[in-house]
1. When region 17-32 is examined, which residues are found to be modelled with pLDDT under 90 and assigned to a helix (DSSP H, G or I)?
2. Could you list all residues from region 1-16 that are assigned to a helix (DSSP H, G or I) and surrounded by 12 or more Cβ atoms within 10 Å (Cβ to Cβ)?
3. Would you mention how many residues in region 35-45 are part of a helix (DSSP H, G or I) and either under 14 Å from the mean Cα position of the chain (by Cα) or touching a residue at least 40 places away in the same chain (Cβ under 8 Å) (or both)?
């Protein structure tokens, strides 16, 4: 998408790229680098760990 589009402003790029990434990216697919956890639960767990760390 980025290579085919000319954006006039950064805000215009953010407005277009955000939904594109959300539609392209699969938050349910499990990743071996995340110990076979999908990204959404992995990020939740990481956030919980950060909240508990001193």
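The values are calculated or read from the model by the stated rules, or taken from the named source; none is laboratory data. All figures in this text were calculated on a predicted structure; none of them were measured in a lab. All Cβ positions, even for glycine, are placed from backbone atoms using ideal geometry, and neighbour counts span all protein chains on display.
1. Selection gives 17, 18, 19, 20, 21, 22, 23, 24.
2. Once the filter is applied, which keeps residues that are assigned to a helix (DSSP H, G or I) and surrounded by 12 or more Cβ atoms within 10 Å (Cβ to Cβ), region 1-16 yields 12, 13, 16.
3. Here the count works out to 6.
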